[in-house]
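Dropping the structure in here first, questions after.
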Amino acid sequence: MLDTAQLEPERRRPIRRAEYDAMGVAGLFLDERVELIDGVIVRMSPRTVLHDSVLERLYSLVGPKLVGRARVRVQLAFAAGEWSEPEPDFVVVPLGESWADHPSRAHLVVEVAVSSVRFDRTMKAALYARAGVPHYWVVDAEHRSLDAHADPSGDGYATVVRYEAGALLEVPGFDDVRVPIAALFG
């Protein structure tokens with residue numbers, strides 16, 4: 001297999017979101033879990049029981065409280081610019097966001113990480129910051145903590161705060177919706 005790191009940057013041809021969507025419609029990814037990150041099709045980390053349990057708890061704590069106030073999307077595509085279409089674990093989308101395309105604005109994006117912590121804290125954080133996502137959380141399921149990113153600027157977030165099991169975190173834009181970090185882990 002070709003080592004693409006050996007290719008000169010001018011010879012690489014990234015894939016646009018519209019092309020990626022067309023590839024999906026054509027059935028090219030039927031048995032694969034992939035997402036588009038900076039023009040590159042990337043295999044997603046496998047889901048685990050721990051991952052799914054944390055995600056289910058997050059949804060049960062937040063989802064019902066936002067009915068009629070925001071759209072909550074779980075493991076669905078997010079339009080993060082022309083070159084990226086990740087599938088974040090949990091997204092709180094403004095009600096006014098179009099239903100005609102994948103949402104491109106969000107109050108909050110959350111990734112639940114078991115084996116993808118480093119990727120979610122670096123590549124995904126840079127991606128969501130560039131897309132203008134004001135608040136991004138990485139739930140580190142194995143270490144029972146949550147990194148809250150805020151103040152996007154350039155390729156990252158100016159503010160990153162780690163919360164441990166005893167903390168209570170407010171969902172951005174909804175000060176009456178709070179997530180007790182310990183509740184995410186049972």
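The values are calculated or read from the model by the stated rules, or taken from the named source; none is laboratory data. Not measured: the values here are computed from a predicted model. For neighbour counting, all protein chains shown are included, and Cβ atoms are generated from backbone atoms with ideal geometry for every residue, glycine included.
If you check A79 against the conditions, is it under 29 Å from R16 (Cβ atoms), surrounded by fewer than 21 Cβ atoms within 10 Å (Cβ to Cβ), of a type in the set (G, A, S) and in contact with a Pro (Cβ under 7 Å, 6 or more places away or on another chain)? Steps first, answer last, please.
Numbers: under 29 Å from R16 (Cβ atoms): yes; surrounded by fewer than 21 Cβ atoms within 10 Å (Cβ to Cβ): yes; of a type in the set (G, A, S): yes; in contact with a Pro (Cβ under 7 Å, 6 or more places away or on another chain): yes.
The answer is yes for A79.
Tell me which residues, restricted to segment 105-127, are part of a loop (DSSP other than H, G, I, E, B) and touching a Gly at 6+ places or on another chain (Cβ under 8 Å).
R105, H107
Continuing with this model, one more query. With the checklist (1) in a strand (DSSP E or B); (2) surrounded by 14 or more Cβ atoms within 10 Å (Cβ to Cβ); (3) under 17 Å from the mean Cα position of the chain (by Cα) in hand, flag the one item D151 doesn't pass.
Status for D151: all satisfied but (2).
Scanning for something modelled with pLDDT of 95 or more, in contact with a Lys or Arg (Cβ under 7 Å, 6 or more places away or on another chain) and within 29 Å of A183 (Cα to Cα), does segment 52-63 turn up at least one residue? Full working, then the answer.
Of segment 52-63, the ones modelled with pLDDT of 95 or more are 52-63.
Imposing the further condition that a residue be in contact with a Lys or Arg (Cβ under 7 Å, 6 or more places away or on another chain) reduces the set to none.
No, there is no match, as no residue in segment 52-63 is modelled with pLDDT of 95 or more, in contact with a Lys or Arg (Cβ under 7 Å, 6 or more places away or on another chain) and within 29 Å of A183 (Cα to Cα).
Can you tell me which residue among A5, A18 is assigned to a helix (DSSP H, G or I), exposed (fewer than 15 other Cβ atoms within 10 Å of the Cβ) and either in contact with a Phe, Trp or Tyr (Cβ under 7 Å, 6 or more places away or on another chain) or at pLDDT 95 or above (or both)?
Details: A5 fails: either in contact with a Phe, Trp or Tyr (Cβ under 7 Å, 6 or more places away or on another chain) or at pLDDT 95 or above (or both).
So the residue among A5, A18 that is assigned to a helix (DSSP H, G or I), exposed (fewer than 15 other Cβ atoms within 10 Å of the Cβ) and either in contact with a Phe, Trp or Tyr (Cβ under 7 Å, 6 or more places away or on another chain) or at pLDDT 95 or above (or both) is A18.
What about P88, is it assigned to a strand (DSSP E or B) and over 25 Å from G166 (Cβ atoms)?
On the way: assigned to a strand (DSSP E or B): no; over 25 Å from G166 (Cβ atoms): yes.
Spelling it out, it is not the case that P88 is assigned to a strand (DSSP E or B) and over 25 Å from G166 (Cβ atoms).
Additional query: Any residue in segment 8-19 that is closer than 18 Å to E35 by Cβ sitting within a Cβ distance under 6 Å of a residue that is surrounded by 10 or more Cβ atoms within 10 Å (Cβ to Cβ)? List the pairs, counting only those 6 or more apart or interchain.
Taking only residues 6 or more apart or on different chains, the pairs are P14/G39; P14/W83; I15/G39; R16/E82; R17/E82; R17/E85.
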